[in-house]
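The values are calculated or read from the model by the stated rules, or taken from the named source; none is laboratory data. Keep in mind the model is a prediction, meaning the values are calculated, not measured. Glycine gets a Cβ as well: all are built from the backbone with ideal geometry, and neighbour counts include every protein chain shown.
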């Protein structure tokens, strides 16, 4: 929710309203940082695909597919990365659709997926 819109609709600035804004801001920040982390993975993957001439990338989902089909990524990580790309599209195209529960779950349970991708990328350094 846009903070200015929240103020306009709240009618008054109270401690409770400020807590809601902090919660909204934290959720939006977390969503933005996840989006950025996924975009970094996409950019790194794009560079690897281009440097190794693995194929043509028409969409972000092509990057993990090309890396997997050439043996650089296992199938389970390809599926995870493809889902990450789908999640990334939500905040990029419409912030109002971001589900805070999903953001919280990813931060709590799924950050290891980034570690797995980091190990893949590290082999190209």
Checking residue 108 against (1) touching a helix residue (DSSP H, G or I) at 6+ places or on another chain (Cβ under 9 Å); (2) not in a loop (DSSP other than H, G, I, E, B): exactly one of these is not met. Which one? (1)
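If we scan the stretch 42-58, do we find a residue that is outside any helix (DSSP H, G or I), buried (at least 16 other Cβ atoms within 10 Å of the Cβ) and modelled with pLDDT of 95 or more? Step through it out loud before you land on a result.
So the first thing to find is which residues in the stretch 42-58 are outside any helix (DSSP H, G or I), and the list is 52-58.
With buried (at least 16 other Cβ atoms within 10 Å of the Cβ) added as a condition, the list becomes 54, 57.
After this cut, where a residue has to be modelled with pLDDT of 95 or more as well, the list is 54, 57.
For the stretch 42-58, residues outside any helix (DSSP H, G or I), buried (at least 16 other Cβ atoms within 10 Å of the Cβ) and modelled with pLDDT of 95 or more: present.
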For residue 86, all conditions in the list (1) more than 22 Å from residue 122 (Cβ to Cβ); (2) outside any loop (DSSP other than H, G, I, E, B); (3) touching a helix residue (DSSP H, G or I) at 6+ places or on another chain (Cβ under 9 Å) hold save one; what is the number of the exception? (3)
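Among the residues of the stretch 83-97, which ones are more than 13 Å from residue 32 (Cβ to Cβ) and either surrounded by fewer than 16 Cβ atoms within 10 Å (Cβ to Cβ) or modelled with pLDDT under 75 (or both)? Full working, then the answer.
Step one: list which residues in the stretch 83-97 are more than 13 Å from residue 32 (Cβ to Cβ), which gives 83-86, 89, 93-94, 96-97.
Of everything in the stretch 83-97, those that are more than 13 Å from residue 32 (Cβ to Cβ) and either surrounded by fewer than 16 Cβ atoms within 10 Å (Cβ to Cβ) or modelled with pLDDT under 75 (or both) turn out to be 83, 86, 89, 93, 94, 96, 97.
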Neighbours by Cβ (under 7 Å, 6+ apart or cross-chain): first from the stretch 12-33, at negative phi; second at pLDDT 75 or above: 27/100; 27/103; 30/103; 30/107; 31/103
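Which count do you get for residues in the stretch 59-83 that are more than 18 Å from residue 122 (Cβ to Cβ) and either part of a helix (DSSP H, G or I) or over 20 Å from the mean Cα position of the chain (by Cα) (or both)?
So the first thing to find is which residues in the stretch 59-83 are more than 18 Å from residue 122 (Cβ to Cβ), and the list is 59-62, 65-66, 69, 75-76, 79, 82-83.
Those left that are additionally either part of a helix (DSSP H, G or I) or over 20 Å from the mean Cα position of the chain (by Cα) (or both): 62, 65-66, 69, 75-76, 79, 82-83.
Residues meeting the conditions: 9.
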Filter the stretch 28-41 down to the residues that are surrounded by 19 or more Cβ atoms within 10 Å (Cβ to Cβ) and either farther than 16 Å from residue 112 by Cα or in contact with a strand residue (DSSP E or B) (Cβ under 7 Å, 6 or more places away or on another chain) (or both) and list them by number. 31
